[in-house]
Ligand code: A3P
């Protein structure tokens, strides 16, 4: 079995900084055979991936929610580019054993999604989160996930985030890449802030995108099962099966806060002013309607 390398430096994959493990096994992504019924859930890391995965799995199993307890979320919805020499810890190996429609997690920026997914006509749910909360969440995740590079101090981390020097690259390029293509491809573009503000509305939208017209009672049930508290206490959704040598829970929790606006507890007034200036410049060509508070 491949030895788990911790706190590895990032390596380049077509201009995107990535975990070495992702790059080493990327040929598996390039040769992966998608089915037209497959669904991609794509996000920049820490934008609400797990939340969306759980919502989608519940929608697909609305006839029997118990089926969503069949396995941890990372087994029910495998991680496309997270592969290793061990088939049990390889997204593509797990996926190859599943029947369509498969739900597939990815953090790949749009330009790295293999053409075969677009040729097959696969649907994509993309979830974006405002960059201030996204950076805070990613910082705490990198403190606890020992596979990720050491984030350093908050201030060092924020610089790296703004410069796109973190795993999966620039937040700006990521959110813009999918935004530009959303009408040309089958991309449902969602926002974490909308999910938080009106989860029922977003669950209904996701269900509709997947071809389901669910009753109001069913939608409310899915909302209840996917609140932050429900998922935090659900061993099949909270990553509690990941061992301590990978997730150091003394540093932070996977299900940390799940809020909009926690950035206000992290950004100093100077950091906030610098960030706002940078954001304005970076988003000038494509103003995506992000909300930093709700
Ligand atoms: P915080 O670190 O701000 O708490 P991902 O799944 O993409 O890794 O995103 C993780 C972030 O989503 C974490 O944010 C986590 O707490 C939050 N999250 C997960 N499930 C959630 C839910 N049901 N409701 C709100 N936030 C949720």
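The values are calculated or read from the model by the stated rules, or taken from the named source; none is laboratory data. Since the structure is predicted, the reported quantities are computational estimates derived from the model, not experimental observations. When we count neighbours, we look across all protein chains shown, and the Cβ atoms used for this are built from the backbone with ideal geometry, even at glycine.
Worth pointing out:
- Reported count of residues in segment 175-208, each being within 25 Å of residue 139 (Cα to Cα), part of a helix (DSSP H, G or I) and touching a strand residue (DSSP E or B) at 6+ places or on another chain (Cβ under 8 Å), is 5.
- Inter-residue pairs, beta-carbon under 8 Å, first in contact (Cβ under 8 Å) with a residue 60 or more places away in the chain and on the phi > 0 side of the Ramachandran plot and in segment 243-268, second assigned to a loop (DSSP other than H, G, I, E, B) and more than 10 Å from the ligand (Cβ to nearest atom), 6+ apart: 261/292; 261/293; 261/294
- In the set (1) under 22 Å from residue 169 (Cβ atoms); (2) touching a helix residue (DSSP H, G or I) at 6+ places or on another chain (Cβ under 8 Å), residue 49 fails one condition alone, (2).
- Meets criteria (within 13 Å of the chain's Cα centre (by Cα), surrounded by fewer than 21 Cβ atoms within 10 Å (Cβ to Cβ) and at pLDDT 95 or above) for residue 36: no
- Test result for residue 191, within 12 Å of the ligand (Cβ to nearest atom) and either buried (at least 18 other Cβ atoms within 10 Å of the Cβ) or touching a residue at least 40 places away in the same chain (Cβ under 8 Å) (or both): no
- Looking across 99, 38, one residue alone is out of contact with any helix residue (DSSP H, G or I) (no Cβ under 9 Å at 6 or more places or on another chain) and over 19 Å from residue 243 (Cα atoms). It is 99.
- Failed criterion for residue 207 (all others in (1) in contact (Cβ under 8 Å) with a residue 12 or more places away in the chain; (2) surrounded by fewer than 21 Cβ atoms within 10 Å (Cβ to Cβ) hold): (2)
- Only helices (runs of 4 or more DSSP H) whose full extent lies in segment 213-294 are considered here, and the ones with at least 2 residues that are within 14 Å of the ligand (Cβ to nearest atom) and in contact with a helix residue (DSSP H, G or I) (Cβ under 8 Å, 6 or more places away or on another chain) are 216-225, 228-232.
- Meets criteria (touching a residue at least 12 places away in the same chain (Cβ under 8 Å), within 16 Å of the ligand (Cβ to nearest atom), out of contact with any helix residue (DSSP H, G or I) (no Cβ under 6 Å at 6 or more places or on another chain) and over 26 Å from residue 132 (Cα atoms)) for residue 23: no
- Tally, over segment 5-23, of residues that are closer than 15 Å to residue 93 by Cβ and modelled with pLDDT under 95: 1
- The set of residues from segment 45-83 being more than 14 Å from the ligand (Cβ to nearest atom) and closer than 21 Å to residue 142 by Cβ comprises 80, 81, 83.
- Helices (runs of 4 or more DSSP H) contained in segment 96-169 and holding at least 1 residues under 14 Å from the mean Cα position of the chain (by Cα) and without any contact (Cβ under 8 Å) to a residue 24 or more places away in the chain: none
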